[in-house]
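Asks: Before I ask anything, here is the structure I am working with.
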Amino acid sequence: MDDPALIAVVGATGTGKSDLAIAIADRFRAHGRNAEIVNADAMQFYRGMDIGTAKVPPGERHGIPHHQLDVLDVTDEASVAAYQRDARATIDGIVADGGVAVLVGGSGLYVSAVLHDLDFPGTDPELRAALEREHAEHGSGVLLARLRELDPAAAAAIDARNPRRLIRAVEIASRSDRVTPSLPSAPRAWRPARVLHLRRDRAQLVASLHDRASTMFRAGLVDEVAALRERGLEQGRTARAAIGYAQALEVLRGDATLPDAVEATAVATRKYARRQVSWFKRYGEAEDLDVTGVDRPGLATVARRIVP
């Protein structure tokens, strides 16, 4: 029981992070020590976005408190700076009470915002609004050219097809107090943590992600999105672009068939998983756990090795 009071379970989508996190928390509780889970999946912040984010249902959480779930409406925009503040405060509270915080998620920048000593610049609403108008009138090319002048490194790394990220990058680069929110080559830890990086064989992971997309649509993702549409999903910049939700919206608008949406979701998820793998491989402090072929009961066995 010499583990630090913060354990992070990270990795690509479909590697079993949530199941392992719950199993680890169960092990600590079996030893008489409280353990609580802190979510680091940006799409699980949103109330009502359950099926498409693979949110663990309340009845399957084993009575373990889960934090940073269902904290935003679909019309809200997620903020990594606000998340860093709130998640760290939650972790501090758990640890102060003698418990263990289990951070779990695959949103790389959000995980790093908690684990590493990263600073994030504030927002400038007037500048943001001006940049949004400029993008609407002239497209991405003008803003990308400006970003190349202000911050060539950021311009080289940015996905210019993502307007929200491009506008935010130009906003940051335009400020005199800018701090680029990226993972340094040798990041400093916020507090001692044990980081567990889950990996699966690529062939198995790719197959499972297609099955995952099919299962979500069979489980009623389109109906979930229809209900969220009534609550303003299409006005939410972050939520409406979530993988699975964007594709289900196309079905509801009549722009795609259900099989097309399933395939598009699977492809988008595979691309996202590749980005996650690239992000987390930079975590030099992490323990790599190969969970290829390991099912939910098998993850409980892994947890017993982590918390004997």
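The values are calculated or read from the model by the stated rules, or taken from the named source; none is laboratory data. As the structure is a prediction and not an experimental result, all values here were calculated from the model. Cβ atoms come from the backbone with ideal geometry, glycine included; neighbour counts cover every protein chain shown. Note: accessible area is taken over every heavy atom of the protein model, side chains too, but ligands, DNA and RNA are not part of it. Shrake-Rupley method; radii C 1.70, N 1.55, O 1.52, S 1.80 Å.
Asks: Among the residues of the range 33-41, is there at least one that is without any contact (Cβ under 8 Å) to a residue 40 or more places away in the chain and not in a strand (DSSP E or B)?
Replies: no
Asks: Looking at the range 116-166, which of its residues are of a type in the set (D, E, K, R), open to solvent by 40 Å² or more (accessible area, probe 1.4 Å) and assigned to a loop (DSSP other than H, G, I, E, B)?
Replies: Those that are of a type in the set (D, E, K, R), open to solvent by 40 Å² or more (accessible area, probe 1.4 Å) and assigned to a loop (DSSP other than H, G, I, E, B): 117, 119, 124, 159, 161.
Asks: If you go through the range 124-160, how many residues are farther than 23 Å from residue 279 by Cβ and of a type in the set (Val, Ile, Thr)?
Replies: Number of matching residues: 1.
Asks: Quick check on the range 66-84: of everything there that is open to solvent by 50 Å² or more (accessible area, probe 1.4 Å) and either more than 21 Å from residue 112 (Cα to Cα) or small (Gly, Ala, Ser) (or both), which residue is nearest to the chain's Cα centre (by Cα)?
Replies: Only one residue tops the list, namely 79.
Asks: Name the residue that is most open to solvent (accessible area, probe 1.4 Å), counting only residues in the range 273-302 that are part of a loop (DSSP other than H, G, I, E, B) and small (Gly, Ala, Ser).
Replies: If we take residues in the range 273-302 being part of a loop (DSSP other than H, G, I, E, B) and small (Gly, Ala, Ser), then 284 is most open to solvent (accessible area, probe 1.4 Å).
Asks: On to the next question. Scan the range 35-52 and tell me whether some residue there is open to solvent by 50 Å² or more (accessible area, probe 1.4 Å), touching a helix residue (DSSP H, G or I) at 6+ places or on another chain (Cβ under 6 Å) and over 28 Å from residue 233 (Cα atoms).
Replies: no
Asks: Residues 305, 240, 270: which one is part of a helix (DSSP H, G or I), open to solvent by 80 Å² or more (accessible area, probe 1.4 Å) and in contact (Cβ under 8 Å) with a residue 60 or more places away in the chain?
Replies: Step by step, each of 305, 240, 270 is checked, and only 240 is part of a helix (DSSP H, G or I), open to solvent by 80 Å² or more (accessible area, probe 1.4 Å) and in contact (Cβ under 8 Å) with a residue 60 or more places away in the chain.
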